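**Student:** I have a structure I would like to understand better, so I am pasting it below and will then ask my questions one at a time.
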Amino acid sequence: MRPNLNNLSGEKEALSLLELNTRIRGALSRAFPETCWVRAEMSDVRVNTASGHCYLEFVEKNLRTGQMVAKVRGSIWAKTFRMLRPYFEMETGQLFASGLKVLVKVSVEFHELYGLSLTVLDIDPAYTLGDMVRKRMEIIRQLQEEGVFTLNKELPFPKLPKRIALITSPTAAGYEDFMNQLIHNKAGYPFYVKLFPALMQGDRTEASVIAALDKIYQHQDLFDVVVMIRGGGATSDLNSFDSYLLAANCAQFPLPIITGIGHERDDTVVDLVAHTRMKTPTAVAEFLISRMDSVAEELEALRQAVRLSTMDILSRRKNELQLLATRFPSVVTNRIERNRSGLQTIASRLPAMASGLLSRRQSLLENTELRLRNGVTSSLSEGARFIQLTEQFIKMASPDYILKRGYSLTLKEGKIIKHASDLRVGDKLTTRFIDSEINVIVDGLVDS
């Protein structure tokens with residue numbers, strides 16, 4: 001409104017808040033005379049238990065930053081809500097709760113006291129389903145781009161999956177069904193199950209299951225497989241198993257993961273990345289038992305093959321022994337005859353062989369005797385020659401031989417004097433010649 005310049009009092013024309021809100025209400029009624037379809041995310045969904053009315057907020061967030069860019073109050077009256085809620089949950093498999101993106105048919109209303117609000121008249125479940133599918137596809141595509149989507153499926157499955165790490169709620173009906181089926185199997189296979197408790201529905205499911213996986217990881221050498229099961233319940237409870245973080249943990253886990261968390265027609269992202277997906281906890285138990293059956297059948301087949309092979313070998317050996325038994329007398333007789341013939345040949349040749357051997361030994365002895373006699377004779381001759389030479393040397397070295405050659409010997413106290421320096425004046429000496437000896441006294445020394 002433009003101010004009235006003709007107001008002589010100088011007061012500005014103003015609207016009361018009620019008048020303003022009434023004009024806004026009229027403007028909105030003219031702008032939105034009919035209903036319209038609105039895309040938004042539900043937030044702060046609350047149901048009044050007394051009246052049955054549902055009150056909520058519709059919000060829109062920036063796709064890149066996640067910041068809220070628009071917000072408006074909404075309401076679904078009890079009569080409409082009683083029809084919309086079960087229809088929506090049946091079609092989408094999701095609880096009618098905060099966080100879901102919806103396409104709703106609304107009437108735009110403005111109340112002077114309560115302000116702007118949207119009254120929900122209808123809802124299109126297909127839009128919500130499409131958004132859920134889009135989110136699932138985004139998670140799957142991200143896991144594939146990271147190269148982890150099939151990692152768990154590529155793990156070799158153990159021949160005997162006996163040691164089982166079980167993730168479930170201990171109060172779940174599926175836990176009891178699984179244990180009964182597994183432990184009381186008809187073949188009596190031994191299974192060792194360790195329970196790692198976790199929440200299997202609600203907002204804390206993702207964190208709880210990841211925590212259980214972390215505990216198993218710390219003792220992974222003690223287990224063959226990981227089993228993740230939950231009992232019945234609403235399909236909407238499966239939302240947590242479409243989580244990227246939980247699916248990434250399962251995909252990269254070092255032990256094969258077997259899931260039995262959904263219904264027959266529901267495949268969560270965790271089901272898709274797990275090594276093996278079964279429909280129910282009982283089906284998981286049957287699968288594990290069937291794996292043991294397969295190994296038992298292989299062992300039985302091997303046992304039968306070993307038994308048949310052993311029987312065949314024993315049969316062949318029996319036939320060979322029987323054949324040898326029939327041939328044994330003739331073989332022994334032939335061997336005896338051959339040995340007798342050999343002995344006779346040796347006996348006939350023995351005199352000649354003995355005579356020749358004795359002749360060779362006689363000739364060897366004669367030759368040895370001749371060499372010994374010649375050797376002794378030669379040794380005696382050499383000994384006699386050595387004695388003669390020694391005798392001649394002794395004779396030539398004797399004092400008598402030296403005296404015969406014209407020499408004399410001078411002795412002092414019976415000892416031969418070799419050097420004049422050994423004598424003193426007055427020494428008594430004896431000089432020996434070939435025919436006699438004389439005594440002399442040294443009366444002086446002459447220097448040479």
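**Student:** Could you check residue 79 against (1) touching a strand residue (DSSP E or B) at 6+ places or on another chain (Cβ under 8 Å); (2) open to solvent by 40 Å² or more (accessible area, probe 1.4 Å) and say which number it fails?
**Tutor:** (1)
**Student:** Could I ask something else about it? Could you tell me which of the residues 16, 51 is among the small types (Gly, Ala, Ser), exposed (fewer than 15 other Cβ atoms within 10 Å of the Cβ) and either at pLDDT below 90 or not assigned by the TED database to the domain that holds residue 104 (or both)?
**Tutor:** None of the other options fit; the residue is 16.
**Student:** A further question on this structure: So which residues in the range 309-323 are open to solvent by 100 Å² or more (accessible area, probe 1.4 Å) and of a type in the set (A, V, I, L, M)? I'd like the intermediate steps shown before the answer.
**Tutor:** Pass one, the range 309-323, residues open to solvent by 100 Å² or more (accessible area, probe 1.4 Å): 311, 314, 316-318, 321.
Matches in the range 309-323: 311, 314, 321.
**Student:** Within the bounds of the range 180-197, is there any residue that is surrounded by 13 or more Cβ atoms within 10 Å (Cβ to Cβ) and within 23 Å of residue 93 (Cβ to Cβ)?
**Tutor:** No.
**Student:** Which residues, taken from the range 93-114, are touching a Ser or Thr at 6+ places or on another chain (Cβ under 9 Å), closer than 19 Å to residue 31 by Cβ, part of a strand (DSSP E or B) and of a type outside the set (Ser, Thr, Tyr)?
**Tutor:** Answer for the range 93-114, where residues must be touching a Ser or Thr at 6+ places or on another chain (Cβ under 9 Å), closer than 19 Å to residue 31 by Cβ, part of a strand (DSSP E or B) and of a type outside the set (Ser, Thr, Tyr): 105, 106, 108, 109, 110, 111.
**Student:** Check 69, 133, 104, 108 and return the single one that is touching a Lys or Arg at 6+ places or on another chain (Cβ under 7 Å) and either farther than 30 Å from residue 251 by Cα or free of Cβ contacts under 8 Å to residues at least 40 places away in the same chain (or both). Outline the logic, then answer.
**Tutor:** On the way: 133 fails: touching a Lys or Arg at 6+ places or on another chain (Cβ under 7 Å); 104 fails: touching a Lys or Arg at 6+ places or on another chain (Cβ under 7 Å); 108 fails: touching a Lys or Arg at 6+ places or on another chain (Cβ under 7 Å).
None of the other options fit; the residue is 69.
**Student:** Another question, if that's okay. Would you point out the residue of the range 156-175, among those that are out of contact with any Phe, Trp or Tyr (no Cβ under 7 Å at 6 or more places or on another chain) and either acidic (Asp, Glu) or closer than 14 Å to residue 223 by Cβ (or both), that is least open to solvent (accessible area, probe 1.4 Å)?
**Tutor:** By that ranking, first place goes to 161.
**Student:** Mind checking which residues of the range 117-155 are open to solvent by 50 Å² or more (accessible area, probe 1.4 Å), of a type in the set (S, T, N, Q) and not in a helix (DSSP H, G or I)?
**Tutor:** 150, the sole residue that qualifies.
**Student:** Do we find a residue being among the polar types (S, T, N, Q), under 30 Å from residue 227 (Cα atoms) and free of Cβ contacts under 8 Å to residues at least 12 places away in the same chain anywhere in the range 282-290? Working first, answer last.
**Tutor:** Initially, the range 282-290 is screened for residues among the polar types (S, T, N, Q), giving 282, 290.
Then drop every residue that is not under 30 Å from residue 227 (Cα atoms), which leaves 282, 290.
Checking the rest, the ones that are also free of Cβ contacts under 8 Å to residues at least 12 places away in the same chain come to 290.
Yes, the range 282-290 has at least one match.
The values are calculated or read from the model by the stated rules, or taken from the named source; none is laboratory data. Values in this document were obtained by computation on a predicted structure and should not be read as measured data. Glycine also receives a Cβ, built like all others from the backbone with ideal geometry; neighbour counts cover every protein chain displayed. Just so you know, the surface numbers come from the protein's heavy atoms only, side chains and all, with ligands and any DNA or RNA stripped out. Shrake-Rupley method; radii C 1.70, N 1.55, O 1.52, S 1.80 Å.
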